[in-house]
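Take a look at the structure below.
Quick note: the coordinates plus some simple rules give every number you see, no bench work behind them. The structure presented is a predicted model; accordingly, all values stated were derived computationally and were not measured. When we count neighbours, we look across all protein chains shown, and the Cβ atoms used for this are built from the backbone with ideal geometry, even at glycine.
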Amino acid sequence: MTIHTTGTREQWLTARLELLEAEKDLTRRSDELARRRQALPWVRVDKAYRFETEEGAASLVDLFRGRSQLLVYHFMFGPDYAAGCPSCSAIADGFNGFAVHLANHDVMLSAVSLAPLAKLQAFKRRMGWTFPWASSQGGEFNFDFNVSITEQQQRAGGIDYNYKRSGHVLDAKPEAAAEGPVAFAAMAGTDTAGFMRQRPGMSAFTHEDGVVYHTYSTYARGLDGLWGMYQWLDRAPRGRNETGLWWRHHDQYDKR
């Protein structure tokens with residue numbers, strides 16, 4: 001027997017209409033936030049970042065592939081990982097479907113990680129993905145955008161992430177890490193310390209009159225809206241219904 005509230009269709013409709021007003025208000029506020037993101041000042045990118053891609057060595061401008069806008073997903077895949085972060089992988093599972101639409105609307109989507117290109121390509125084949133994925137190994141891109149740290153920084157602590165110096169979950173020492181980083185490190189084939197030297201995020205850029213500008217970055221739960229899995233779960237009868245870590249790489253579930 002269900003322990004959830006039950007009622008008549010009329011009672012459901014009354015409650016649903018009240019919820020509809022709240023949903024409409026959230027939509028309006030979300031639209032306003034989008035306008036505020038787009039109103040942020042653009043910051044010129046003068047550093048000559050270099051990447052390795054399937055087409056060879058590339059600059060940041062090359063990642064645009066002729067479009068005027070570039071969205072970069074900072075995918076957690078460090079040099080010592082054997083596989084991508086399971087959470088980043090769950091987010092990236094949605095990229096194939098909409099990347100083609102973005103590309104035909106003057107927006108290029110690319111993942112960027114610190115791991116060598118060969119590792120990224122092998123994992124990409126395993127996952128069946130087709131979106132562009134560049135390696136920033138050997139450069140400062142990941143460090144400048146606060147999604148990678150060095151071992152020395154990790155030992156010292158107090159690292160900037162999500163626009164604050166400390167207090168975020170990834171600032172914890174590896175030996176005091178929560179269940180998530182420990183479990184995900186094992187799934188990614190690395191140790192906890194190595195796993196926690198990478199952080200998730202996304203950044204937006206535009207290319208105008210020969211100049212590249214950084215326009216936006218978000219981290220941590222700022223990525224929730226990009227995680228299609230959770231958008232569906234939030235509309236399921238029991239919501240996210242999480243009592244622990246349950247997701248993994250999509251080829252690691254039991255076949256049902």
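By the count of other C-beta atoms within 10 Å, a proxy for reagent exposure, Met229, Met196, Met127, Met187 are ordered fewest to most as Met229, Met127, Met187, Met196.
Out of the GluC sites (Glu not before Pro) in the range 46-134, which ones are loop residues according to DSSP with at most 10 other C-beta atoms within 10 Å?
On the way: sites: Glu52, Glu54, Glu55; in loops: Glu54, Glu55.
Of the GluC sites (Glu not before Pro), the ones in loops of the range 46-134 whose Cβ has at most 10 other Cβ atoms within 10 Å are Glu55.
The sum of -39500 (n - 2.57) across all DSSP H runs of n ≥ 4, divided by the residue count of the chain, sets its helix-only mean residue ellipticity at 222 nm to -10000 deg cm²/dmol.
Here the Gaussian network model covers the chain, with springs between Cα atoms less than 10 Å apart; of Lys164, Lys124, Lys24, Lys24 fluctuates the most. Reported to the nearest whole Å, the Cα centre-to-centre distance from the range 1-21 to the range 189-247 is 33. Most simply put, the range 40-232 has about 70% antiparallel DSSP beta bridges, counting only bridges with both residues inside it.
Going by how many other Cβ atoms sit within 10 Å of their own, how do Thr6, Thr14 line up, fewest first?
On the way: Thr6 9, Thr14 12.
The most exposed by this proxy come first: Thr6, Thr14.
Number of Lys-Lys pairs in the chain with C-alpha atoms under 28 Å apart and a separation of 8 or more places or on different chains: 6.
Computed from backbone phi, the HN-Hα couplings of the range 29-45 come to 5, 5, 4, 5, 4, 4, 4, 5, 4, 5, 8, 4, x, 7, 10, 4, 9 Hz, rounded to whole numbers (Karplus: 6.51 cos²θ - 1.76 cosθ + 1.60, θ = phi - 60°; Gly and Pro given as x).
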